[in-house]
Amino acid sequence: MLEIAFALLAITAVASAVAVIVVRDIFRAALCLILLFMTVAGVYLLLHADFLAIVQILVYVGAISILIIVAIMLTRDARQGPPLGNLKYPAAVVGILLLGVVVFGIINTAFVIPDNAPLQETVKPLGKALFGDSGYLLTMEIAVVMLLSAILGAIAVIREK
Amino acid sequence: MFSVGLDQYLILSAVLFCIGLFGVLTQRNVIKVIMCLEIMLNAVNIALIAFSQYITPVTLTGQVFAIFVMVVAAAEVAVGIAIIFTVYRNRESVDIENFNILKW
């Protein structure tokens with residue numbers, strides 16, 4: 001059962017990622033990207049990461065894809081994107097080489113997998129890991145300041161003179 | 001039938017990452033470059049959460065890292081699209097050939 005679900009999600013994810021690159025109409029490419037985000041959320045559910053699956057739907061499907069679609073709507077002459085650049089073959093070689101090295105490394109590494117059963121629901125432990133003692137509170141604060149400065153920077157960049 | 005373990009998730013992540021890398025290196029439309037960047041970030045998140053599930057199942061370190069990756073991705077898209085709008089306003093194009101204003 002798990003195997004079938006994983007195979008379906010993996011095939012859909014890889015196919016939609018390829019479609020994002022291959023499809024010429026950039027709006028359809030954005031729709032393929034949304035499909036990819038949803039299948040990634042499904043992969044998170046298979047990994048018992050329920051909170052992150054919801055966050056994936058909210059942040060990626062809800063916010064980032066809408067931002068990308070707005071960008072497509074506002075840049076009108078570029079609906080039919082130009083073809084691939086002249087870096088096509090070197091990029092393919094680089095990608096396949098990197099994939100080969102990484103897969104070789106994954107297969108030849110003996111990961112130490114502990115016996116602990118995975119947590120069934122992760123919201124409370126994740127909150128404790130983020131905000132509890134010896135948690136990531138300072139990192140969280142820095143991330144919040146970074147988000148604020150990113151928003152202010154985006155507004156400052158896009159403002160009409 | 002194959003069994004699904006850590007290796008399978010990591011290989012899926014590597015495949016998605018390399019597809020995204022190919023797209024970033026080859027696409028001419030800047031919005032598509034940002035979309036391929038998102039594919040790469042999602043691939044990294046899959047790897048982090050798979051490690052979190054199999055290597056640190058109780059402390060959830062990988063999931064915390066994935067949350068920070070999502071925060072950075074959201075900020076990156078907002079700033080990136082603001083820059084694309086600004087260049088589009090000046091150059092009337094989203095072709096990456098026109099993003100050479102800072103080139104010396």
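Among the residues in the range A:15-33, are any in a helix (DSSP H, G or I), within 30 Å of B:Thr59 (Cα to Cα) and of a type in the set (Val, Ile, Thr)?
No, every residue in the range A:15-33 fails to be in a helix (DSSP H, G or I), within 30 Å of B:Thr59 (Cα to Cα) and of a type in the set (Val, Ile, Thr).
With the checklist (1) facing chain A (nearest Cβ under 9 Å); (2) out of contact with any helix residue (DSSP H, G or I) (no Cβ under 6 Å at 6 or more places or on another chain) in hand, flag the one item B:Asn100 doesn't pass.
Unmet condition: (1).
Could you figure out which of (1) farther than 30 Å from B:Arg89 by Cβ; (2) touching a helix residue (DSSP H, G or I) at 6+ places or on another chain (Cβ under 8 Å); (3) at pLDDT below 85 isn't true of A:Thr139?
Exception for A:Thr139: condition (3).
Does B:Val58 count as at the interface with chain A (Cβ under 7 Å from one of its Cβ atoms) and of a type in the set (Val, Ile, Thr)?
The answer is yes for B:Val58.
Which of the residues belonging to the range B:1-43 are within 7 Å of chain A (Cβ to nearest Cβ), without any contact (Cβ under 8 Å) to a residue 40 or more places away in the chain and of a type in the set (A, V, I, L, M)?
B:Met1, B:Val4, B:Ile11, B:Leu12, B:Ala14, B:Val15, B:Leu16, B:Ile19, B:Leu21, B:Leu25, B:Met35, B:Ile39, listed by residue number.
Enumerate the pairs (first residue in the range A:97-113 and more than 7 Å from chain B (Cβ to nearest Cβ) and under 19 Å from B:Phe22 (Cβ atoms); second residue anywhere and surrounded by 12 or more Cβ atoms within 10 Å (Cβ to Cβ) and among the polar types (S, T, N, Q)) with beta-carbon separation below 9 Å, excluding pairs fewer than 6 apart on the same chain, so at least 6 apart or on different chains.
none
Here are A:Ala30, A:Ala41, A:Ala17: which of them is in contact with a Gly (Cβ under 9 Å, 6 or more places away or on another chain), crowded, with 17+ Cβ neighbours inside 10 Å and at pLDDT 85 or above?
A:Ala17
The values are calculated or read from the model by the stated rules, or taken from the named source; none is laboratory data. Since the model is a prediction, treat every value here as computed from it, not as a measurement. Here the Cβ is made from the backbone with ideal geometry for all residues, glycine too, and neighbour counts use every protein chain on show.
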